[in-house]
Each structure stands twice: as C-alpha cells, then as structure tokens.
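Engineer: Take a look at the following structure, please.
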Amino acid sequence: MQERRVQAAEAFGLGIALFLLTSIGTVNALTPQVTAPNIAFGFVGQTLTGPVTASNLPSFGTYNVAVAVDPTLLTPTGIDLTGTMLSGSIILLECINGILVIGSTCDPVIDRPGVAHVVVSSLTSSASGSGLLFTVDYTTVKDPGCGSPVELTAYTFVYRGFTQTGITGVNGQYVGSCTKVPEFPLGLAGVFVLMVPALLAFRKRASLRDLPP
C-alpha cells in the first residue's frame, strides 16, 4: 500500500513538472516581439530595404516605432507601408534623420541622423499576431564590406486608447568590417594582370628589332 502511494506521488510530481515545462515553453514561444534585423550591403550608393516585423502581438490599431542605424554607414530615406499587417494604415507622423516629412513635429529625444520614426494608425481595423509592420528604405554611405546594426529606440502599440504592455524589441546586431574591397585580388592572378602591359611592351620592342635595316 505504501509503495503504491509513493508511485502515485512520483507520477503526480512528474506530471506537474511536465506541465510547467510545457507552459514555460509555450510562454516563451508566444512572447510578443518587434524585430528589426541587421542590414548588410555591398557598395556605396546601394539602395536597401530593412523590414520591421511583429511576432505574437496583441491587438493594436496604432503604433509608434523608431528605428536607428549607424548614420556613418547608412542613411534612411523613407518608410513604406506596402504589405503591412495593419489594414487601412495611414502615416500620422514620419521623421527621417530628424527631419519632418509628415505630421506636426519630430521628437527631439528620438529623432536624429540615422533614425526613421513613424506613427501609424488605422481608422478601419486592428491587427494582431505576426507580420510586417513597415519597411525602411536606406542608401549606403560607406565603402563596400560594411554592415549596420539596427536598434529599436521606440516601440509603442495602442488598442482602443490603451497601450499594450509586455512587448519586447529585438535589435539586429551586425559584426563585420568596413574595409574597401580591392579591384583585383592579390596573388598570381593579380600579378599576371599587372604584368600584361609590360609583356605587351616587351613583345613590341622585340618585333621592331626583327625588322630588316
């Protein structure tokens, strides 16, 4: 009898442990997040896009999001709502590099060079879950081989006048170098390319010597 009680208690404890592990995993998997991935690029003047996405968000009808990059590497040029998960979206405020594009005034704390800041709202619908919020357009201003980290400096989501809480911002971290790529690779191929003019000149001089006097 005592042995059965012990077995029952062990089974009960195991069941509780499995329930807790499953619950923790579910909570972690459904954590509301806003993500701005890192941006890599290849040459000066290149036009790039950086998506800002949402995962497992509660309902929202308005959001205020600012994305910052290294202004010595990239410069934001605009914001695009094409494909956004919030239907009927309109831009209430857009500030690029601290300059007002749409709306009344930029935020002196948030808006500065390298920052794309937007306030978007929908008068017809709300959204929840996962999807694209907006896309930032960029132009590169540094030599090839560079990349830029991306930081969410502001992210607020509002639903029917109430600000949603518990949302995590996920920044894009980039690890790379900003060294210029040489026009020709070093090694035997590079040596051959450099020697071609000299070889042609030598051949021309040899041909002139072979001519009859």
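Engineer: Taking Ala116 and the conditions (1) surrounded by 21 or more Cβ atoms within 10 Å (Cβ to Cβ); (2) part of a loop (DSSP other than H, G, I, E, B), which numbered condition does it fall short on, given that it satisfies the others?
Structural biologist: The single condition Ala116 does not satisfy is (2).
Conditions tested, residue by residue: (1) in the same structural domain as Leu57 (by TED's automatic domain parsing); (2) modelled with pLDDT under 95; (3) among the β-branched types (Val, Ile, Thr).
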{"position": "Leu74", "(1), (2), (3)": "yes, yes, no"}
{"position": "Thr77", "(1), (2), (3)": "yes, no, yes"}
{"position": "Met85", "(1), (2), (3)": "yes, no, no"}
{"position": "Ile91", "(1), (2), (3)": "yes, no, yes"}
{"position": "Gly103", "(1), (2), (3)": "yes, no, no"}
{"position": "Arg112", "(1), (2), (3)": "yes, no, no"}
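Engineer: Kindly list the number of the only condition in (1) modelled with pLDDT of 50 or more; (2) of a type outside the set (Ser, Thr, Tyr); (3) outside the structural domain of Gly147 (by TED's automatic domain parsing) that fails for Ala54.
Structural biologist: (3)
Engineer: I'd like the full set of residues that are over 14 Å from the mean Cα position of the chain (by Cα) and in a strand (DSSP E or B), limited to the stretch 141-157.
Structural biologist: Result: Ala154, Tyr155, Thr156, Phe157.
Engineer: While we're looking at this one, here's another question. Quick check on my filter: what residues within the stretch 81-110 are in contact with an Asp or Glu (Cβ under 7 Å, 6 or more places away or on another chain) and part of a loop (DSSP other than H, G, I, E, B)?
Structural biologist: If the condition is that a residue be in contact with an Asp or Glu (Cβ under 7 Å, 6 or more places away or on another chain) and part of a loop (DSSP other than H, G, I, E, B), then Gly98, Gly103 are the ones that fit.
Engineer: If you don't mind, another one. Quick check: is even one residue across the stretch 139-147 surrounded by fewer than 17 Cβ atoms within 10 Å (Cβ to Cβ), of a type in the set (Ser, Thr, Tyr), modelled with pLDDT of 95 or more and under 23 Å from Asn38 (Cα atoms)?
Structural biologist: Within the stretch 139-147, not a single residue is surrounded by fewer than 17 Cβ atoms within 10 Å (Cβ to Cβ), of a type in the set (Ser, Thr, Tyr), modelled with pLDDT of 95 or more and under 23 Å from Asn38 (Cα atoms).
Engineer: For the stretch 40-61, does any single residue satisfy the condition of being in contact (Cβ under 8 Å) with a residue 40 or more places away in the chain, surrounded by fewer than 16 Cβ atoms within 10 Å (Cβ to Cβ), under 20 Å from Leu132 (Cα atoms) and of a type in the set (A, V, I, L, M, F, W, C)?
Structural biologist: yes
The values are calculated or read from the model by the stated rules, or taken from the named source; none is laboratory data. Keep in mind that what you see is a predicted model, and the values were worked out from it rather than measured. As a convention, Cβ positions derive from the backbone with ideal geometry for all residues, glycine included, and neighbour counts pool all protein chains shown.
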